[in-house]
Amino acid sequence: MQRYEERLSAPRSWWFIAFLIGVSVGLIMLPFGTLPMLGGLIGGAALACVAVSSYGSARVRVVADSLVAGDARIPVSALGTPEVLDAAEATAWRTHKADPRAFMLLRSYIPTALRVTVTDPEDPTPYVYVSTRDPEALAAALTAVRSA
């Protein structure tokens, strides 16, 4: 049973920048002729769009009894109480308060986040930091799974 799902997609401005990269590659290829210029425009834009899409394809889900953040699948039983982070606290936890051992699904273009301590004594990870646009709903989903 799925209780929460979110895709951390890249902002629109990044797609515009990907288009501009294609235009730049096309202009670089312009001295070689029209066909290479069109190939550079299409190829450069396509490669830049693939890069933006792959970076923005991270998903955050609460499925069954696990938190799935990107490639990580963490059992809710190994997590502590979730802490909702506003924009200022999220910035602090991804900069000067950050622990290098922590698992971070970080997207700098998303201002809010959720931080959950890892309570498993055999896991050296101190906490999980997940960028999310709706940290309250993610915290509620984790709390509901724990209480069920």
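Could you tell me which of I74, V50, V145 has its Cα farthest along the dipole of the chain towards the positive end, charges placed at Cβ (Lys, Arg +1; Asp, Glu -1), taken about the Cα centre?
In the chain, that residue is V50.
Near I74, within a Cβ-to-Cβ distance under 12 Å, what is the net charge of the other residues, with Lys and Arg +1 and Asp and Glu -1?
-2
Pairing the Cα long axis of helix 12-29 with the longest principal axis of the chain, what angle in degrees results, from 0 to 90 and rounded to the nearest 10?
Computed tilt is about 30 degrees.
As a test of the formula, what do you get for the chain when each DSSP H run with n ≥ 4 contributes -39,500 (n - 2.57) and the sum is divided by the residue count, at 222 nm and rounded to the nearest 500 deg cm²/dmol?
About -13500 deg cm²/dmol.
Which percent of the accessible heavy-atom area of the chain goes to carbon and sulfur, probe 1.4 angstrom?
Ligands and nucleic acids excluded, carbon and sulfur give 64 percent.
Counting only Cα atoms, I'd like the Rg/Rh figure for segment 62-148, Kirkwood definition for Rh.
With Rh from the inverse mean 1/r over Cα pairs, Rg/Rh is 0.93.
How many times 2.2 N^0.38 Å is the alpha carbon radius of gyration of segment 1-113?
In units of the 2.2 N^0.38 Å rule of thumb, it is 1.47.
Quick one: dipole size for the chain, taken about the Cα centre, charges +1 on Lys/Arg Cβ and -1 on Asp/Glu Cβ, in debye to the nearest 20.
So the dipole magnitude of the chain works out to roughly 380 debye.
Collect residues whose amide H, placed 1.01 Å from N in the peptide plane, falls under 5 Å from the amide H of A10; neighbours closer than 5 in sequence don't count.
Sorted by chain and number, the residues that satisfy this are G56.
Counting heavy atoms of the protein chains only and a 1.4 Å probe, report the per residue accessible area for the chain as a whole number of Å².
56 Å²
The values are calculated or read from the model by the stated rules, or taken from the named source; none is laboratory data. Being a predicted model, the structure only gives us computed values, none of them experimental. Don't worry about glycine lacking a Cβ; one is built from the backbone with ideal geometry, like all the others, and counts go over all protein chains shown. Remember, those area values only see protein heavy atoms, side chains included, never the ligands or the DNA or RNA. Shrake-Rupley method; radii C 1.70, N 1.55, O 1.52, S 1.80 Å.
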